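What follows is one structure encoded as structure tokens, with my remarks underneath.
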Amino acid sequence: MAVSRNGLASVCNTLPPMKSGDSKGRLWMPEGRKLPVIECFGPTIQGEGLMAGQKTHFLRLGGCGYRCSWCDTLYAVLPEQVKANRTMMTPEEIVRQLGALPPAKWVTLTGGDPAMHDLSELASALTEGGFKICIETQGQFWKTWMSRLNVVTVSPKPPSSGMADKTDFSVLNRYGFAQELCVKIVVFDDDDYEWGNLVFRRFMATGMKNVSYYMTPGTSQGSNEQIQHRVELRLKWLFEKAARDPDFDDRIKIIPQLHVLAWGDRKGV
Ligand code: SF4
């Protein structure tokens, strides 16, 4: 979707409502209190957004209502792969598994889209276990238990994903209930850049507190060397584009996915 900056408000206002409660999501709803765990690993270093550079464990849950064209975690998205890869675990089992890893204070809940599940019990169990919690979501849902988490990172998906028309600002407005909010937009091209700025301005206009804004150059598929080279080129392009743009808001920071520069697309790091 190409948009001009002059049409910011009108474009945001006309974005069609997302179909929340996607019935496909029910494929991965918990069996009883159990959650579909795809990966549980750490400690490692968070590579992006507000938490970049932070030592953390990662808990990856299966299922997502989106199908982004460049998704790099389809093994945690596609129903057949989720069923093949998941281990159904209770919140207590998850906390025990995390506790058996070398120590880290933070747990990052990721996916897929972890927000499609009811994680209220898991949030309580993790907090009682002494962990601080960050969640990464694309913004399809806001759940009341998310306001109990230490950091919420929401990453609405830009035009290059093919999912931008699912963005629903009536849902995103509720992210103002987060204790600490990070809004992150992945950028592959000019349209993504324009769209990302629209989204940032929309958030800024709400007057939400404790919000930080990040743009991240997108990561393409390929060998590790190709991936890292493309990230470097896209980062240079994005740096130069934003630096030349007099309307680029200085509350927005641009950082690459540091874990991609370090490890390429390796899983479990
Ligand atoms: S929202 Fe994230 S996990 Fe879901 S399809 Fe898009 S990139 Fe993949």
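What does the net charge come to around residue 159 if you take all other residues with beta carbon closer than 12 Å to its beta carbon, with K and R at +1 and D and E at -1? The partial results should precede the final answer.
On the way: positive: 157, 166; negative: 165, 189, 190, 191, 192, 194.
Surrounding charge for residue 159 is -4.
Compute the Cα gyration tensor for region 147-269, then decide on rounded, prolate or oblate, letting a ≥ b ≥ c be the square roots of its eigenvalues: rounded whenever a/c is under 1.5, prolate when a/b is larger than b/c in the other cases, and oblate in all that remain.
It comes out prolate by the Cα gyration axes.
Can you give the net charge of the other residues whose Cβ lies under 11 Å from the Cβ of residue 93, counting K and R as +1 and D and E as -1?
Its environment carries a net charge of +2.
So how much slack lies between residue 253 and residue 34, counting 0.36 nm per residue of separation and subtracting their Cα-Cα distance, in nm?
75.1 nm
Taking 1 over the mean of 1/r across every pair of different Cα atoms in region 38-149, what Kirkwood radius in Å do you get?
Averaging 1/r across every pair of different Cα atoms and inverting gives 14.3 Å.
To the nearest µm²/s, what D does Stokes-Einstein give for the chain at 25 °C and 0.890 mPa s, using the Kirkwood radius over alpha carbon pairs as Rh?
Result for D is 130 µm²/s.
For the Cα atoms of the chain, what angle does the longest principal axis make with the long axis of helix 190-206, in degrees from 0 to 90, nearest 10?
Here the helix axis deviates by roughly 70 degrees.
Quick one: net charge of residue 224's neighbours, Cβ under 14 Å, K/R +1, D/E -1?
-1
Lysines near residue 34 by alpha-carbon distance under 29 Å, same-chain residues fewer than 8 away left out - which ones?
Of all the lysines, those that pass the test against residue 34 - Cα under 29 Å, at least 8 places apart if same chain - are 19, 24, 55, 83, 105, 132, 143, 157, 166, 267.
Per DSSP helix of 4 or more residues, -39500 (n - 2.57); summed, then divided by the residues of the chain. What does that give at 222 nm, rounded to the nearest 500?
-9000 deg cm²/dmol
Provide the gained length on full extension for the span residue 208 to residue 83, in nm with one decimal, where the gain is 0.36 nm per separating residue minus the Cα-Cα distance.
Contour length minus the Cα-Cα distance gives 41.2 nm.
Quickly work out the residue 105-to-residue 179 label distance, labels modelled 7 Å from Cα along the C-beta direction, and quote it in nm with one decimal.
Calculated label separation equals 1.2 nm.
Read-outs: derived from the displayed coordinates by stated rules, not from any lab. Keep in mind the model is a prediction, meaning the values are calculated, not measured. Note that we place each Cβ from the backbone using ideal geometry, even for glycine, and neighbour counts take in every protein chain shown.
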